[in-house]
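The values are calculated or read from the model by the stated rules, or taken from the named source; none is laboratory data. Given the structure is predicted, the values throughout are model-derived calculations rather than measurements. Neighbour counts are summed over all protein chains in view; Cβ atoms, including those assigned to glycine, are modelled from backbone coordinates with ideal geometry.
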Amino acid sequence: MKSLPRFTLGTGDRFTQEGEAQLSAIQAAADRGIALSPVWNKSNREHTIVGTKPQSLRNEADAAVQALGWSGAYFVDADHINLTTVDSFIECSDFFTLDVADYTGKAASPEARAAFLAKHASLIGTHPLPLLDTPVTITKEDMERTADNFLWAMQEAGRIYRHIAAKKDRAPFAVEVSVDETDTPQTPGELLLILAMIADEGIPAQTIAPKFTGRFNKGVDYVGNLENFEREFDADLAVIAYAVRTFGLPANLKISVHSGSDKFSLYPVIRRLVAKHAAGLHLKTAGTTWLEEVAGLAQADGSGLDIAKDIYAAALPRAEELIKPYAPVVDIHVPSLPSAETVRRWTSSQFLAALDHNQSCPDYNPQFRQFLHVAFKIAAEMGPRFADALREHRDVIARRVRDNLLKKHIEPLFA
Ligand SMILES: [Zn+2]
């Protein structure tokens, strides 16, 4: 097992150009005493859309680390993989996010179900957990329903884990189990039972990504009830600590917040609860770096702004296709998006006002921002024109990528 530090930041980078800018944000944080390790993550979905191979992310991470002389830990995450997609990631990754959301709701064998219910019968009841005002209660029905929904999926996580471990041949790696892309959120009681299943499978999970209550849409703030989230997150952290003590999971097991970028209203809550429980945290920021690339091009004006507008104009007629792979994590009402003609007339500052995640700006348009978030396929199709523009406007983009991570994400959560 490759041990994860207490705080890690997932820095996805669709076009693998911003590794140094991302690392410079973490380096600046380190200089101020914030201990944070970067995890470069990219899913098979993103590699497929952009047309890159997993090795390119490893190359990017290693090059950034070498260029900046980073001496801390860093990781390369095969994000959201399963048995059908993992093989091309094995060699170049040392962190694996086992995504078994698609396997939930499938029944395990009657024998496995009965064995699970018998082994963990003592979990039925009320658990007054340390630091928690309201105890976590699990009924017999909860237990049976959770077994029906998750046991087969966690057995699948075990199969993926063992497949990787066999191919890794003792080379150490870190494991996350993710069920964040399911239809319904998991309750803290369900999380406890899921962790029991993970332990039974012998998976040395160091992070767990549940689906939380409310909407975690790409690139925009949390949509939901803050008090409900706070209660749930508080209980989730207590449940994780309890599961570590009870099931023998790795002592540094921590929670992972997917689509975690830009959830500004949640950051004070998360920060307070992580401190309260002396817990760890893995925050995946993913595509927010790509949005800074578009914003940087728009900010550069001239040919940069033209490219940003061309991406939007080409994306709009293909909205359905672009949104589809991200449907669970965006809320985009296509008819309310500005027309391509409207955007064509925008100045650099108008484009930025709509795109920048600044909720106090009256022209900020979260629909526009979410839509551009899923439109990176268009930039990939532009090929050298987009790649050359990133190079040409490297300075303005790098500054934006760094400031976005440092000031909007790292400082509010970890400083
Ligand atoms: Zn995710």
So which residues in the range 249-295 are touching a residue at least 12 places away in the same chain (Cβ under 8 Å) and on the phi > 0 side of the Ramachandran plot, if there are any at all?
SER259, ASP262, ALA286
State yes or no: is PRO325 of a type outside the set (Gly, Ala, Ser), within 30 Å of ALA28 (Cα to Cα) and in contact (Cβ under 8 Å) with a residue 24 or more places away in the chain?
no
The range 237-262, subset modelled with pLDDT of 95 or more, within 16 Å of the ligand (Cβ to nearest atom) and not small (Gly, Ala, Ser), residue farthest from the chain's Cα centre (by Cα):
LYS254
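Taking the conditions exactly as written (within 20 Å of THR207 (Cα to Cα) and hydroxyl-bearing (Ser, Thr, Tyr)), does THR48 satisfy them or not?
So THR48 does not fit the description; no.
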Answer yes if at least one residue in the range 99-107 is more than 16 Å from the ligand (Cβ to nearest atom) and out of contact with any helix residue (DSSP H, G or I) (no Cβ under 7 Å at 6 or more places or on another chain), and no otherwise.
no
I want to confirm something. Restricting to the range 41-53 and keeping residues that are closer than 29 Å to ALA30 by Cβ and within 14 Å of the ligand (Cβ to nearest atom), which single residue is farthest from the chain's Cα centre (by Cα)?
GLU46
Looking at ASP79, ASP94, can you tell me which residue is of a type in the set (Asp, Glu), buried (at least 24 other Cβ atoms within 10 Å of the Cβ) and in contact (Cβ under 8 Å) with a residue 60 or more places away in the chain?
ASP79
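In the list LEU372, LEU305, LEU322, LEU352, which residue meets the criterion of being surrounded by 18 or more Cβ atoms within 10 Å (Cβ to Cβ), assigned to a helix (DSSP H, G or I) and over 27 Å from the mean Cα position of the chain (by Cα)?
Selected residue: LEU305, the only one of LEU372, LEU305, LEU322, LEU352 that is surrounded by 18 or more Cβ atoms within 10 Å (Cβ to Cβ), assigned to a helix (DSSP H, G or I) and over 27 Å from the mean Cα position of the chain (by Cα).
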When you go through THR146, THR139, THR84, THR104 one by one, which is the residue that is out of contact with any strand residue (DSSP E or B) (no Cβ under 7 Å at 6 or more places or on another chain), in contact (Cβ under 8 Å) with a residue 60 or more places away in the chain and farther than 30 Å from ILE26 by Cα?
THR104
Quick one: in the range 282-300, of everything that is more than 16 Å from the ligand (Cβ to nearest atom) and within 10 Å of VAL401 (Cβ to Cβ), which residue is nearest to the chain's Cα centre (by Cα)?
LEU291
Please enumerate the residues belonging to the range 297-354 that are more than 24 Å from GLU46 (Cα to Cα) and of a type in the set (Val, Ile, Thr).
THR342, VAL343, THR347
Selection from the range 248-296 of residues that are among the hydroxyl-bearing types (Ser, Thr, Tyr), touching a Phe, Trp or Tyr at 6+ places or on another chain (Cβ under 9 Å) and not in a loop (DSSP other than H, G, I, E, B):
THR289
Among SER71, SER56, which is assigned to a helix (DSSP H, G or I), away from the ligand (no atom under 16 Å from the Cβ) and surrounded by fewer than 24 Cβ atoms within 10 Å (Cβ to Cβ)?
SER56
Evaluation of GLY189 against (1) in contact (Cβ under 8 Å) with a residue 60 or more places away in the chain; (2) of a type outside the set (S, T, N, Q); (3) touching a Ser or Thr at 6+ places or on another chain (Cβ under 8 Å); (4) surrounded by fewer than 23 Cβ atoms within 10 Å (Cβ to Cβ) (one fails), failing number:
(1)
If a residue has to be in a loop (DSSP other than H, G, I, E, B) and touching a residue at least 40 places away in the same chain (Cβ under 8 Å) to count, how many in the range 328-339 make the cut?
3
Please specify each residue of the range 384-415 satisfying the condition of being over 20 Å from ASP301 (Cα atoms) and outside any helix (DSSP H, G or I).
ALA415
Residues in the range 75-84 that are within 18 Å of the chain's Cα centre (by Cα) and either more than 12 Å from the ligand (Cβ to nearest atom) or part of a helix (DSSP H, G or I) (or both) total 4
Residues of the range 166-181 that turn out to be assigned to a loop (DSSP other than H, G, I, E, B) and either among the charged types (D, E, K, R) or within 14 Å of the chain's Cα centre (by Cα) (or both), as a count:
5
Out of curiosity, is PHE96 in the same structural domain as ASN41 (by TED's automatic domain parsing), within 16 Å of the ligand (Cβ to nearest atom), touching a strand residue (DSSP E or B) at 6+ places or on another chain (Cβ under 7 Å) and assigned to a helix (DSSP H, G or I)?
no
